[in-house]
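*Asks:* Please read through the structure below; I'll follow up with questions.
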There are 4 protein chains.
Amino acid sequence: MVHRHTVKVRFYELDPYNHVNHSAYVQYFEVGRIEMLEALSFGLEALERAGRQVVVVGIETRFLRPAGPGDELVVETEIREVRRATVRWSQRILRGDEVLATQLVDAAMTDADGRPTRWLPQLLDALAAYERA
Amino acid sequence: MVHRHTVKVRFYELDPYNHVNHSAYVQYFEVGRIEMLEALSFGLEALERAGRQVVVVGIETRFLRPAGPGDELVVETEIREVRRATVRWSQRILRGDEVLATQLVDAAMTDADGRPTRWLPQLLDALAAYERA
Amino acid sequence: MVHRHTVKVRFYELDPYNHVNHSAYVQYFEVGRIEMLEALSFGLEALERAGRQVVVVGIETRFLRPAGPGDELVVETEIREVRRATVRWSQRILRGDEVLATQLVDAAMTDADGRPTRWLPQLLDALAAYERA
Amino acid sequence: MVHRHTVKVRFYELDPYNHVNHSAYVQYFEVGRIEMLEALSFGLEALERAGRQVVVVGIETRFLRPAGPGDELVVETEIREVRRATVRWSQRILRGDEVLATQLVDAAMTDADGRPTRWLPQLLDALAAYERA
């Protein structure tokens, strides 16, 4: 299953070339992952209650086409791979049928003091719903 | 005494008109106030140790001239007035001799749970150094 | 008539106090105004074709209650007053029935080179739909 | 030669974990590259006069350690490789001797209409000064 979340380009995210700055895509991708976690009942507050934080350790992002004023974009998010210490997400940003950007994200789990820890088994179970076939 | 802090315009803060978005000025003004608090040894970590937060309750901002690519700006910060519950800051952003923006800021003090509280007397003493003549 | 637009708090807009930074409210208010202009067929591209820019010259913002993780907010936007050189907007941010922030905005119109100019009469006509009773 | 530029963490860039959000690192890296281009007299205005834009087509970023309140960071920027269509930058963010993040950036050159074009030979000559040994 693919998680989908819609974001609309905001004026202040546009640069002098009338394009969305590449760092704003990185922010949209984060919004997509957090919306997925919320949909699974593992939003920030639930994670905090469990004493856990999700920490991004690496991203690999391709910027294929520019987004512009007023564009409505869809952020697609899937789980690509569950490893011992990190979960790898796979994401895309689309405008209609056009893919504007793709991203691989490796995220680790830490405790409330920022020390690396195993992923919560219940969260891994929940994420499986979005695992890529 | 006037507190001065230099910020340089960043590319991603520019909008399609090649001007700094007005919300970025609000961010520059915040940077100026926090630098002043740090200069007085009341940075965020010191405030946290004291169990206090500085919370902005109101701003009144005039945008007089646009800032553009590569501009180096000076944020000037003074204390305008100490009231019972709030401290009023007075700020300006300059590019050389030109005033680009002015701002009045009313800030309150809260405890760690966000409940309004009196300003720390030691902080009020320290702020007096920057009180407007 | 009041224009309403929904924004959802994004993780990166939260500060160490777990509250939306005050500059993000200023950005939400901008989103609300631009959505209103688009709804009236005077979005950025239409304004550009007409050789016009809307420029914020002043804001007066009250921050009444903090917004937090996952909050869904409604930005309400009305026209308060049309003056010779500026239009005054009146805006609120709500979470359900609670008012989190209010803002008055004065905006001027410039030509493509940033020189002050009269507001387009067709735009003033359109804005009248959102004029406060 | 390595280009170095100092940035200071801003309060609004901190997230609820009291860490700089990962998208802010991507912004710091952009600041570093643009400062390098300015140092070589190929800032945004010079590029605009030459009818050229530098467009990021891909990034690969590792986030190794968190940055926190008040941290002063150094962005190091080098040219890793000049290819036919893209230039690959190699960057690091340091706090003192600690490496907080690394990034590879592939950037393309376009004309003023966003069409891919060859890199300006004078710019490639200038960038050679920062080529990694």
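*Asks:* Which distances in nm, rounded to one decimal and ordered from shortest, link the label point of residue C:64 to the equivalent label points in the other identical copies, with labels set 7 Å from Cα toward Cβ?
*Replies:* Copy-to-copy label distances for residue C:64: 3.2, 4.6, 4.9 nm.
*Asks:* Here's another thing I want to ask about it. Could you tell me how far the Cα centroid of the range B:96-127 sits from the Cα centroid of the range D:69-133, in Å?
*Replies:* What the calculation gives is 40 Å, centre to centre.
*Asks:* Using a label point 7 Å beyond Cα on the Cα-Cβ vector, give me the inter-copy distances for residue C:118 in nanometres, one decimal, shortest first.
*Replies:* List, nearest first: 5.2, 5.9, 7.5 nm.
*Asks:* Calculate log10 I(q)/I(0) of the range B:41-133 for q = 0.16, 0.17, 0.19 Å⁻¹, where I(q) comes from the Debye formula with a single equal point scatterer on each Cα and nothing for solvent.
*Replies:* -0.74, -0.81, -0.93
*Asks:* Please list, in order along the range D:6-11, the HN-Hα scalar couplings obtained from phi with the Karplus expression 6.51 cos²θ - 1.76 cosθ + 1.60 (θ = phi - 60°), rounded to whole Hz, x for Gly and Pro.
*Replies:* Coupling constants for the range D:6-11: 9, 10, 10, 4, 9, 3 Hz.
*Asks:* Something else about it: Once the Cβ-Cβ distance between residue B:6 and residue C:18 is put in as r, and R0 is 41 Å, what FRET efficiency do you end up with, to the nearest 0.05?
*Replies:* Details: r = 30 Å, r/R0 = 0.74.
E between residue B:6 and residue C:18, to the nearest 0.05, is 0.85.
*Asks:* Would you mind giving the mean number of other chain beta-carbons within 10 Å of the Cβ of each residue in D:104-113, as a whole number?
*Replies:* Counting Cβ atoms of other protein chains within 10 Å of each residue's Cβ and averaging gives 1.
*Asks:* Can I ask one more? Using alpha carbons only, how many degrees (0 to 90, rounded to 10) separate the axis of helix C:22-39 from the longest principal axis of chain C?
*Replies:* 40
*Asks:* Continuing with this model, one more query. When the accessible area of chain B is computed with all protein chains present and a 1.4 Å probe, what percentage of it is carbon and sulfur?
*Replies:* Working: 2650 of 5720 Å².
Carbon plus sulfur share of accessible area: 46 percent.
*Asks:* Quote the Stokes-Einstein diffusion coefficient, in whole µm² s⁻¹, for the protein assembly as shown, based on the Kirkwood radius over alpha carbon pairs, a temperature of 25 °C and a viscosity of 0.890 mPa s. All intermediate terms of the calculation are to be shown ahead of the outcome.
*Replies:* Working: Rh = 24.4 Å.
So the translational diffusion coefficient is about 101 µm²/s.
*Asks:* Okay, next question. Per residue of C:61-71, how many C-beta atoms from partner chains lie within 10 Å of its own C-beta, taken as a mean? Please list the in-between numbers first.
*Replies:* On the way: counts 7, 6, 8, 2, 1, 3, 0, 3, 7, 6, 0.
Other-chain Cβ atoms within 10 Å of each residue's Cβ, averaged: 4.
*Asks:* Now, a different point. Along the Cα→Cβ direction, 7 angstrom out, place labels at residue C:128 and residue B:117. What is the inter-label distance in nm?
*Replies:* 5.5
*Asks:* Once the label point is placed 7 Å from Cα along Cβ, list for residue A:129 the distances to the corresponding points in the other copies, in nm, shortest first.
*Replies:* With the label placed 7 Å along Cα→Cβ, residue A:129 yields 3.9, 5.5, 5.6 nm.
*Asks:* Under a 10 Å cutoff between Cα atoms, tell me which one of B:69, B:121, B:16 has the largest fluctuation in the Gaussian network model of chain B.
*Replies:* Between B:69, B:121, B:16, it is B:16 that shows the largest mean-square fluctuation.
*Asks:* Can you work out the Karplus-derived ³J(HN,Hα) for every residue in the range B:108-117? Use 6.51 cos²θ - 1.76 cosθ + 1.60 with θ = phi - 60°, whole Hz, and x for glycine or proline.
*Replies:* Calculated HN-Hα couplings, in order: 10, 10, 10, 7, 5, 9, x, 7, x, 8 Hz.
*Asks:* Another one. Once you put a point 7 Å from the Cα of residue D:85 and another 7 Å from the Cα of residue D:49, both along the Cβ direction, what distance in nm separates them?
*Replies:* Output for this residue pair reads 3.0 nm.
*Asks:* Here is a further query. Magnitude of the Cβ-charge dipole of chain B, K/R +1 and D/E -1, about the Cα centre, nearest 20 debye?
*Replies:* Here the size comes out at about 300 debye.
*Asks:* Treating only the Cβ atoms of Lys and Arg (+1) and Asp and Glu (-1) as charged, compute the dipole magnitude of the range D:41-93 about its Cα centre; round to the nearest 20 debye.
*Replies:* That gives the range D:41-93 a dipole magnitude of about 340 debye.
*Asks:* What trypsin sites (Lys or Arg not before Pro) in the range D:11-62 are in a loop by DSSP, with at most 11 other Cβ atoms within 10 Å of the Cβ? Could you put the intermediate results ahead of the total?
*Replies:* On the way: sites: D:33, D:49, D:52, D:62; in loops: none.
Nothing satisfies the criteria.
*Asks:* If you filter the range B:86-133 for trypsin sites (Lys or Arg not before Pro), then keep DSSP loop positions with at most 16 other Cβ within 10 Å, what is left?
*Replies:* Numbers: sites: B:88, B:92, B:95, B:118, B:132; in loops: B:118, B:132.
Here the sparse-neighbourhood loop sites are B:118, B:132.
*Asks:* Suppose every K and R has +1 on its Cβ and every D and E has -1 on its Cβ; what is the size of the dipole of the protein assembly as shown about the Cα centre, in Debye to the nearest 20? The partial results should precede the final answer.
*Replies:* Working: 68 positive and 80 negative charges, 0 e Å.
With only Lys, Arg, Asp and Glu charged at Cβ, the dipole is about 0 debye.
*Asks:* Moving to a separate point now. Going Cα to Cα from residue B:8, which lysines come in below 28 Å? Please leave out same-chain ones fewer than 8 positions away.
*Replies:* By straight Cα distance, residue B:8 reaches D:8.
The values are calculated or read from the model by the stated rules, or taken from the named source; none is laboratory data. Everything numeric here is computed off the predicted structure, so don't read it as measured data. When we count neighbours, we look across all protein chains shown, and the Cβ atoms used for this are built from the backbone with ideal geometry, even at glycine. For the accessible areas, the whole protein counts, side chains as well, though only heavy atoms, and no ligand, DNA or RNA atoms are used. Shrake-Rupley method; radii C 1.70, N 1.55, O 1.52, S 1.80 Å.
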